[in-house]
1. Consider residue 63 carefully, then state whether it is surrounded by 10 or more Cβ atoms within 10 Å (Cβ to Cβ) and modelled with pLDDT under 80.
2. Let me confirm something: among 6, 32, 52, which residue is out of contact with any strand residue (DSSP E or B) (no Cβ under 7 Å at 6 or more places or on another chain), surrounded by 10 or more Cβ atoms within 10 Å (Cβ to Cβ), at pLDDT 95 or above and on the phi < 0 side of the Ramachandran plot?
């Protein structure tokens, strides 16, 4: 009789263990799915940012050259040199 009870108790323990492991596994799957969705969103944002930087980069160099030209034209050294020569 004790062997019969221990067999059923063992079977019950195995059922609880399998149910518990299935529960943990489904939570892990949900977490991995959410993490995968998050990484794909980050990848799309990163690609969009990279495209914007690539598009703006040559213009930034041109703007920097124009700013340097304006800075040279407006600098006090150039304006005093022109006043002294006039």
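1. yes
2. None of the others qualify; the one that does is 32.
The values are calculated or read from the model by the stated rules, or taken from the named source; none is laboratory data. Owing to the predicted nature of the structure, the values given are computational and were not obtained by experimental measurement. Every residue, glycine among them, receives a Cβ derived from its backbone with ideal geometry; neighbour counts consider all protein chains shown.
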